[in-house]
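Visitor: One structure is given below, represented as structure tokens, and several questions about it will come after.
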Amino acid sequence: MKCREMQAAVGAVLSASAGDAERSRVETHLAGCTRCQDAYAELLRLGELVPRLGAGEVPRGFDQRFAAVFAARRAASRAAARSPWVDTVARVVRPGVAAVVVAVGSMAVLCVLVPEQPVGPGAPDLGRLGATLLAGFVLAAMVQGVRQAVDVRILVSLRGRPEGGLE
Amino acid sequence: MTDENLARQAAEGSPDAFWELYRRHRTAVFNLTLRILRDAGLAEDAAHESFLAAYEHIGRYDEHRGKFMSWLLAIAHHECCRVRRRRRWLVFMGGGDEEGAADMAVSGAVAPQRGLGADESVDLERALARLPEKFRSPILLTKLHGLSVAECGAVLGISATNVKQRVFRGFQLLRLLYGSVEPRAAGRRAASGPAGGFDR
């Protein structure tokens, strides 16, 4: 058998996981190959040296630093795992508030750009137009928020809540 | 109590069980990350991240698929790969040194030896540190952490046969590197001669 074909079997011996069959294949090969015998002896010697490398102790303060990181991560995890109803309400209200801010800002810009409104029977009522726009904005934003919240709740019910570890 | 029992308790919500697992395995995890990353600071961060990931996902640990230790070392190895990728990217962007001047034998994190001379131990650590990662990890996992080739394969995501091949090639390379550490090993190199065998 070729020397090269012994590599995996020698690897198994070196990693202390060789079965009887692999071990005997290696021994049979070595019996007729002096070149491999020398290499094998050296590899075995190295294989005995490596496990003697001791375990380095963890640095000073390792546990305290881990405890700090652990506590911080747990606090973040708790915050993320707050009541789903709080999230739902926030998802609905937040876009509504944002829409109000955008609409009021737009109205203010409009008032600055068009300070004098034309008066008369055919003139557009900018106040009513603005109020309609504002209501439309708020409604659209809140509908979007409700849709998002419903989607999230469906996903959560399908997948289960994200794992909170040992909470 | 076995690790697997503790992991089950931890998954059921016992922080004490998790801390016991942490106490049992922190040294092994730190040693693996240190020998892969060769930088004490990065190794500590990687070990911490590994335990945090284990804590968050302990419910996914399945004792029928292997020992808790293998599962934990797989997480640590994965974390080390992530750190190394990030470090390579930083090097590419010109923001750091890939080796990080990271000779752990010099940086004070050298492991105490058991039955090895101090010089021999340092030389061996240096030779191990110079091994390419694909050969170093199988040697570390099987020889230092006592995993079987199947468990090691599961950790690294390769077959058991591949692990055996890598262990063999790793030791072949280690033989060359260990024999070429200057200047203390000059005698060893002369005695060992050029590496050969199992190559025809």
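The values are calculated or read from the model by the stated rules, or taken from the named source; none is laboratory data. None of the values given here were measured: they were computed from a predicted structure. Methodologically, a virtual Cβ is constructed for each residue, glycine included, from the backbone with ideal geometry; neighbour enumeration extends over all protein chains shown.
Rundown of residues vs (1) modelled with pLDDT under 90; (2) more than 24 Å from B:VAL149 (Cα to Cα), yes/no style:
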| site | (1), (2) |
| --- | --- |
| B:ARG8 | no, yes |
| B:GLY13 | yes, yes |
| B:TRP19 | no, yes |
| B:ARG23 | no, yes |
| B:ARG26 | no, no |
| B:VAL29 | no, no |
| B:GLU44 | no, yes |
| B:ALA54 | no, no |
| B:ASP62 | yes, no |
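Visitor: Also, I was wondering about something else. Would you confirm whether any residue within region A:48-64 is over 30 Å from B:LEU42 (Cα atoms), more than 7 Å from chain B (Cβ to nearest Cβ), within 46 Å of the chain's Cα centre (by Cα) and among the charged types (D, E, K, R)?
Guide: No, there is no match, as no residue in region A:48-64 is over 30 Å from B:LEU42 (Cα atoms), more than 7 Å from chain B (Cβ to nearest Cβ), within 46 Å of the chain's Cα centre (by Cα) and among the charged types (D, E, K, R).
Yes/no per residue for (1) outside any strand (DSSP E or B); (2) surrounded by 15 or more Cβ atoms within 10 Å (Cβ to Cβ); (3) at pLDDT below 85:
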residue: A:SER24; (1), (2), (3): yes, no, no
residue: A:CYS36; (1), (2), (3): yes, yes, no
residue: A:LEU43; (1), (2), (3): yes, yes, no
residue: A:GLY56; (1), (2), (3): yes, yes, yes
residue: A:GLN64; (1), (2), (3): yes, no, no
residue: A:VAL86; (1), (2), (3): yes, no, yes
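Visitor: Given the criteria in contact (Cβ under 8 Å) with a residue 12 or more places away in the chain, facing another protein chain (nearest Cβ under 7 Å) and either surrounded by fewer than 15 Cβ atoms within 10 Å (Cβ to Cβ) or within 26 Å of B:THR161 (Cα to Cα) (or both), does A:CYS3 qualify?
Guide: yes
Visitor: B:LEU140 - would you say it is crowded, with 21+ Cβ neighbours inside 10 Å and touching a strand residue (DSSP E or B) at 6+ places or on another chain (Cβ under 9 Å)?
Guide: It is false that B:LEU140 is crowded, with 21+ Cβ neighbours inside 10 Å and touching a strand residue (DSSP E or B) at 6+ places or on another chain (Cβ under 9 Å).
Visitor: So which of A:ALA79, A:ALA90, A:ALA103 is assigned to a helix (DSSP H, G or I) and at pLDDT 75 or above?
Guide: None of the other options fit; the residue is A:ALA103.
Visitor: Among B:ARG8, B:ARG23, which is the only one that is of a type outside the set (A, V, I, L, M, F, W, C), in a helix (DSSP H, G or I), out of contact with any Gly (no Cβ under 7 Å at 6 or more places or on another chain) and within 9 Å of chain A (Cβ to nearest Cβ)?
Guide: Being of a type outside the set (A, V, I, L, M, F, W, C), in a helix (DSSP H, G or I), out of contact with any Gly (no Cβ under 7 Å at 6 or more places or on another chain) and within 9 Å of chain A (Cβ to nearest Cβ) holds for just one of B:ARG8, B:ARG23, which is B:ARG23.
Visitor: Taking region B:26-53 as the search range and keeping residues that are in contact with a Phe, Trp or Tyr (Cβ under 8 Å, 6 or more places away or on another chain) and of a type in the set (A, V, I, L, M), which one is nearest to the other protein chains (Cβ to nearest Cβ)?
Guide: Looking at the filtered set, the residue picked out is B:LEU52.
Visitor: Could you check B:ALA185 against (1) modelled with pLDDT under 65; (2) surrounded by fewer than 19 Cβ atoms within 10 Å (Cβ to Cβ) and say which number it fails?
Guide: For B:ALA185, the failing item is (2).
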